[in-house]
Amino acid sequence: MDNLSEVLKILEGALQHNVRKAADYASLLADKLEEKGETRQAAMIRQKLARVPQETFSPASLSHSLPVDSESQLHTLDEERPRLKDIELAMPKNVMDRLNEFIDSVRATEQLAAAGLRQPARLLLYGPPGCGKTQVARLIAAELKFPLLTVRCDTLVSSLLGQTSRNLRRVFEHAENRPCIFFLDEFDALAKSRSDEREIGELQRVVIALLQNIDVMSPETILIAATNHEELLDKAIWRRFAWHVPLTFPDANLRQRIWALKLGDRINPGTSTELLAELSEGLSGASIEHVAHDAIRSMILRGDTNVEEIDLLRRLGLTIAIARGLRLDSLEREIAFLREWAPQQLVLRKLAKYYGISVRQINNAAKGRGNANKHRKPNSARPTT
Ligand SMILES: Nc1ncnc2c1ncn2[C@@H]1O[C@H](COP(=O)(O)OP(=O)(O)O)[C@@H](O)[C@H]1O
Ligand SMILES: [Mg+2]
């Protein structure tokens, strides 16, 4: 039978006297039928739904019913409906293939189940910060046209530690009762390995509660979890996820694509993305995006239509310096670093013009002599990143 998962959810809603759940899944079923060209059947379902009291669907009642931590009164879940046009991601082909496979198998749940290949839709994304995990979850939600319900792990781990398991139960219940993608972001906060020394008793309870909640979830509920610290995850947690996708720092090729994506048509025609890719080695997609956005902001404030190459390179250089743990706390040090980092692009003459000081001062600074700060014209001050 087609659309069995929706029918089962509608039945579940009815048996639990949960009008909202039944209606939400019926509405999803109508959408799916319409997509397949079954407009008459879709219309029949929608006619029935039109009789459900309106407040059941209104956004106000939706956000009102999001679970709240009783101690802090903060929402433990965020709801968002991401749109494809708002998501700019450049991913390696093998990662994209794997994500598409996940999306396709969610779409083909019934077909796969009919062939005895029922696999819970559970995806674990892992890798260093800023490599696109949260964006991937948004991308999947946008592709599948589901709302993304993101668990705020920080508020979930309540100040009243004993409250955490109850909070967990509530967010899982909420997510189970409506069509959505349930996203546990920064998952490690919850799922720290049971061998962790600190707060071992409480963490143990939280992990056990987490496992139990995952185990009783219906296999149709789409679950995505993301972590920066895969080494902290308990083996029992890994096993609960059929899909594991690692995201890593972008290689040169990918960095070039990210630069092109983030600068778009605001890139200076003379600036090569290949050079930017080379100079940004070791940076995450998030850091590249940050530099690009800063440079675009400064372009707009100057009233220009293209990003100035020297401004972009300087911002990139300062980001690299921070990544290397350097403290460039004077103009001399900044100039000396930039000269050493990209001597071919950041030539003395261009730097002198940019900073509004003489070539000789730039040269002295680059050699660790003199005091360029002293002679700096006050009106040439540039915003620092
Ligand atoms: N590969 C990438 N391509 C394009 N943008 C990226 C990429 N990786 C990260 N970003 C950007 O960096 C920012 C942070 O990414 P995010 O998904 O929050 O990273 P994470 O969750 O892994 O820490 C986002 O705005 C995202 O668009
Ligand atoms: Mg994230």
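Would you please name the residue that is nearest to Glu274 (Cα to Cα), looking only at residues in the range 312-329 that are in contact with a Phe, Trp or Tyr (Cβ under 8 Å, 6 or more places away or on another chain) and surrounded by fewer than 19 Cβ atoms within 10 Å (Cβ to Cβ)?
Taking the candidates together, the pick is Ala321.
Test Cys131 against the criterion of being assigned by TED's automatic domain parsing to the domain that holds Met217, crowded, with 16+ Cβ neighbours inside 10 Å and within 16 Å of ligand 2 (Cβ to nearest atom), and give yes or no.
It is true that Cys131 is assigned by TED's automatic domain parsing to the domain that holds Met217, crowded, with 16+ Cβ neighbours inside 10 Å and within 16 Å of ligand 2 (Cβ to nearest atom).
So if I check each of Glu332, Glu309, Glu340, which one is touching a helix residue (DSSP H, G or I) at 6+ places or on another chain (Cβ under 7 Å) and open to solvent by 20 Å² or more (accessible area, probe 1.4 Å)?
Criteria check complete, one pass: Glu332.
Please go through (1) under 21 Å from the mean Cα position of the chain (by Cα); (2) basic (Lys, Arg); (3) at pLDDT below 95 for Lys262 and return the number of the only condition it doesn't satisfy.
(3)
Scan Ala113, Ala121 and give me the residue that is among the small types (Gly, Ala, Ser) and either out of contact with any strand residue (DSSP E or B) (no Cβ under 6 Å at 6 or more places or on another chain) or within 16 Å of ligand 2 (Cβ to nearest atom) (or both).
Ala113
If the requirement is being under 24 Å from Glu88 (Cα atoms) and out of contact with any Lys or Arg (no Cβ under 6 Å at 6 or more places or on another chain), which of these qualifies: Glu332, Glu289, Glu309?
It is Glu309.
Among the candidates Leu139, Leu112, single out the residue that is without any contact (Cβ under 8 Å) to a residue 24 or more places away in the chain and on the phi < 0 side of the Ramachandran plot.
Only one candidate passes the filter, namely Leu112.
Residues are listed down the side, and each one gets a yes or a no for (1) open to solvent by 20 Å² or more (accessible area, probe 1.4 Å); (2) away from ligand 1 (no atom under 15 Å from the Cβ):
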| residue | (1), (2) |
| --- | --- |
| Arg240 | yes, yes |
| Gln256 | yes, no |
| Leu279 | yes, yes |
| His293 | yes, no |
| Ile296 | no, no |
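Looking only at the range 354-370, which residues are of a type in the set (Gly, Ala, Ser) and surrounded by fewer than 19 Cβ atoms within 10 Å (Cβ to Cβ)?
Gly356, Ser358, Gly368, Gly370, listed by residue number.
So that you can scan it fast, the table gives a plain yes or no per residue for (1) assigned to a strand (DSSP E or B); (2) open to solvent by 10 Å² or more (accessible area, probe 1.4 Å); (3) touching a helix residue (DSSP H, G or I) at 6+ places or on another chain (Cβ under 7 Å):
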| site | (1), (2), (3) |
| --- | --- |
| Ile224 | yes, no, yes |
| Ile237 | no, no, yes |
| Asn253 | no, yes, no |
| Ala260 | no, yes, yes |
| Ala286 | no, yes, no |
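Quick check on my filter: what residues within the range 262-277 are assigned to a helix (DSSP H, G or I) and either open to solvent by less than 20 Å² (accessible area, probe 1.4 Å) or within 11 Å of ligand 1 (Cβ to nearest atom) (or both)?
If the condition is that a residue be assigned to a helix (DSSP H, G or I) and either open to solvent by less than 20 Å² (accessible area, probe 1.4 Å) or within 11 Å of ligand 1 (Cβ to nearest atom) (or both), then Lys262, Leu263, Leu276, Ala277 are the ones that fit.
Listed residues Arg81, Arg122, Arg166; which is of a type in the set (Lys, Arg), more than 24 Å from Leu232 (Cα to Cα) and either crowded, with 17+ Cβ neighbours inside 10 Å or not assigned by TED's automatic domain parsing to the domain that holds Gly264 (or both)?
Arg81
Within the range 204-218, work out how many residues are open to solvent by 30 Å² or more (accessible area, probe 1.4 Å) and either of a type in the set (A, V, I, L, M) or at pLDDT 80 or above (or both).
The qualifying residues number 4.
Looking at the range 107-118, can you tell me whether even one residue there is surrounded by fewer than 19 Cβ atoms within 10 Å (Cβ to Cβ), in contact with a Leu (Cβ under 6 Å, 6 or more places away or on another chain) and outside any loop (DSSP other than H, G, I, E, B)?
yes
The values are calculated or read from the model by the stated rules, or taken from the named source; none is laboratory data. Predicted, not measured: the structure shown is a model, and the values here were computed from it. All Cβ positions, glycine included, derive from the backbone under ideal geometry; neighbour counts span all protein chains shown. Accessible surface areas use protein heavy atoms only, side chains included; no ligands, DNA or RNA. Shrake-Rupley method; radii C 1.70, N 1.55, O 1.52, S 1.80 Å.
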